[in-house]
Amino acid sequence: MRTQTDEGYSHALGNRQVQMIAIGGAIGVGLFLGAGGRLQATGPALVLSYTAAGLAAFFVMRALGELVLYRPTSGSFVEYAGEFIGPWAAFASGWMYWVNWAFTGIAELTAIAAYIHYWAPAFPQALTALIALGFVLLVNLLSVRLFGELEFWFALLKVLAITVFLVVGLVLVVFSVGGAGPGNLVAHGGFTPTGLPMVLMSLQSVVFAYASIELVGIAAGETARPREVMPKAVNGVVWRIAVFYVGSVLLLAMVLPWTVYRAGESPFVTVFSGLGVPWAADAMNLVVITAALSSCNSGLYATGRILRSMARKGEAPGFAVALSKRHVPVGGIVFTALTFLGGVVLFYFLPERAFNIATAGASLGVVTTWGVLVYCQLRLRRAGHRSAFPMPGSPVTNWLTLAFLALVVLLMPFADRDQRVAFFLIPALVAAIAAGWLLVRRRRRAPAPALATPEGRPETG
């Protein structure tokens, strides 16, 4: 069943592209850049955080899969929140998802500017970010088919880079090359050298690393044969991301002592540079830039469609409804792109902290989105719906996943100062969303203006 939200879209995405859209959105600088700092702060036990977050991501994806088979729509969790919780939940979750991508786009542009600076230190970083933003904006405005193809190749490059590392890392560990081996998991202060609390504190940044897997649900509205494609896409995304993330972090901790990794440097560059491979830093630099471009690309795609879904119900600015001749929601895409410019300002004033502040803020939107999906699937099941692609262990796994997400948020004020900044943004976000919802309700309740008759008298009908 197609929904009104999907009217006007061209259903040009196939299974190959849908899987890579989700994988490409999720595998970004959270892994290629952020894992180095997390290993430095947490040690080998970081693999526990990735495993826990990966398990939560698995249940989120299976909940999404059940919802998509019930009703595929580009409105995704916003539409499901409206149906299973209420209109206010659709409004809140839609805008929190936009907040997620606003912060994520800032993080990705920050990473692009930093890594281009590695090659061209004299080139203004703000200008680098603007050029990168202009590129992904152009791709999104041209056509969904071009977006899907480019995202496929972006994601494929990232997958190949991680696959090469997994193979090389496995060889190093098996043959104990350069001191690599399982012994590194405990040889430098133990498995939890900085303490178990630091493992818990890392959960927020790890959840951000898994963010964007839900893109597969948004792509359902522009997918041919969604009930055939979506189960394959969901399962494919889940196991690939689990292998890439948990496997990569485990090998990183075994190949080199955790003490050699540093924040602001890709751990993959650290490994290959340690092996004496002269071109490794440049190659991984290119991969990180591609990863960030891919994530920005996916963010504009997702928010454009979510904002259009909301605008059609009067819950977002009216210009977000507009579709171009190429069936692209141009208004929402441009609106989000303009907010990404905030990353340039943040990077100018807080260059050392911009990335961490942005990822912490984005995590609030991720947790909200995941929580809404899991709860909506629970309500769907309670309504008596039986799916051919059910979420395993429901409803117990629903509540466990929701508890995990709540824990992530509650731990934020006890972590680093950047996570505290994000945590104390919550009251402001709640107030802004509540005010917005009250304004929407007031507009809906306002009586329609009277129509004038030819004589100038109001029509009483």
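The values are calculated or read from the model by the stated rules, or taken from the named source; none is laboratory data. Everything numeric in this text was worked out from a predicted model, so none of it was measured. Positions of Cβ are backbone-derived with ideal geometry, glycine not excepted, and every protein chain shown enters the neighbour counts.
Quick check: anything in segment 194-204 crowded, with 24+ Cβ neighbours inside 10 Å and assigned to a helix (DSSP H, G or I)? Scanning segment 194-204 turns up at least one residue that is crowded, with 24+ Cβ neighbours inside 10 Å and assigned to a helix (DSSP H, G or I). Considering every residue within segment 111-132, establish whether at least one is surrounded by fewer than 18 Cβ atoms within 10 Å (Cβ to Cβ), under 26 Å from residue 268 (Cα atoms) and in contact with a His (Cβ under 9 Å, 6 or more places away or on another chain). Yes; the residues of segment 111-132 include at least one that is surrounded by fewer than 18 Cβ atoms within 10 Å (Cβ to Cβ), under 26 Å from residue 268 (Cα atoms) and in contact with a His (Cβ under 9 Å, 6 or more places away or on another chain). Of all residues in segment 227-250, those satisfying the criterion of being aliphatic (A, V, I, L, M), within 30 Å of residue 177 (Cα to Cα) and buried (at least 22 other Cβ atoms within 10 Å of the Cβ) are 241, 249. The test for being out of contact with any helix residue (DSSP H, G or I) (no Cβ under 6 Å at 6 or more places or on another chain), in contact (Cβ under 8 Å) with a residue 24 or more places away in the chain and either basic (Lys, Arg) or on the phi > 0 side of the Ramachandran plot (or both) does not hold for residue 386. If you go through segment 10-43 and keep only what is of a type in the set (A, V, I, L, M, F, W, C), modelled with pLDDT of 90 or more and surrounded by fewer than 24 Cβ atoms within 10 Å (Cβ to Cβ), you end up with just 41. For first residues located in segment 162-188 and at negative phi, partners that are aromatic (Phe, Trp, Tyr) and part of a helix (DSSP H, G or I) and lie 6+ apart or on another chain with Cβ distances below 7 Å form the pairs 162/244; 165/268; 188/258. Residues in segment 349-380 that are out of contact with any helix residue (DSSP H, G or I) (no Cβ under 6 Å at 6 or more places or on another chain), in a helix (DSSP H, G or I) and free of Cβ contacts under 8 Å to residues at least 60 places away in the same chain: 1 in all.
Per this entry, residue 46 is not counted among residues that are among the aliphatic types (A, V, I, L, M) and surrounded by fewer than 24 Cβ atoms within 10 Å (Cβ to Cβ). Residues in segment 390-415 that are surrounded by fewer than 16 Cβ atoms within 10 Å (Cβ to Cβ) and either in a loop (DSSP other than H, G, I, E, B) or among the charged types (D, E, K, R) (or both): 392, 393, 395.
Exactly one residue out of 446, 450 is modelled with pLDDT under 85, in contact with a Ser or Thr (Cβ under 8 Å, 6 or more places away or on another chain), at negative phi and of a type in the set (Gly, Ala, Ser): that is 450. Exactly one residue out of 107, 41, 122 is out of contact with any Gly (no Cβ under 7 Å at 6 or more places or on another chain), in a loop (DSSP other than H, G, I, E, B) and aliphatic (A, V, I, L, M): that is 122. Here is a check on your reading of the model: is residue 172 at pLDDT 90 or above and either in contact with a His (Cβ under 9 Å, 6 or more places away or on another chain) or of a type in the set (A, V, I, L, M) (or both)? It is true that residue 172 is at pLDDT 90 or above and either in contact with a His (Cβ under 9 Å, 6 or more places away or on another chain) or of a type in the set (A, V, I, L, M) (or both). Could you say whether any residue in segment 226-233 is at pLDDT 85 or above, touching a helix residue (DSSP H, G or I) at 6+ places or on another chain (Cβ under 9 Å) and not hydrophobic (A, V, I, L, M, F, W, C)? Taking every residue of segment 226-233 in turn, none turns out to be at pLDDT 85 or above, touching a helix residue (DSSP H, G or I) at 6+ places or on another chain (Cβ under 9 Å) and not hydrophobic (A, V, I, L, M, F, W, C). Assess whether residue 346 counts as being surrounded by fewer than 24 Cβ atoms within 10 Å (Cβ to Cβ), in a helix (DSSP H, G or I) and either modelled with pLDDT under 85 or touching a Lys or Arg at 6+ places or on another chain (Cβ under 9 Å) (or both). Answer is yes for this residue.
Would you check if residue 50 is within 15 Å of residue 374 (Cα to Cα) and either in contact (Cβ under 8 Å) with a residue 60 or more places away in the chain or not acidic (Asp, Glu) (or both)? Criteria not met by residue 50.
In summary, residue 307 fulfils each of the numbered conditions (1) modelled with pLDDT of 85 or more; (2) within 30 Å of residue 162 (Cβ to Cβ); (3) of a type outside the set (Val, Ile, Thr); (4) surrounded by 20 or more Cβ atoms within 10 Å (Cβ to Cβ) with the single exception of condition (2). You will find that of 298, 273, the residue that is buried (at least 19 other Cβ atoms within 10 Å of the Cβ) and among the hydroxyl-bearing types (Ser, Thr, Tyr) is 298 and no other.
Modelled with pLDDT of 85 or more, surrounded by 17 or more Cβ atoms within 10 Å (Cβ to Cβ) and closer than 24 Å to residue 249 by Cβ: does that describe residue 162? Here the answer is yes, as residue 162 does meet what is asked.
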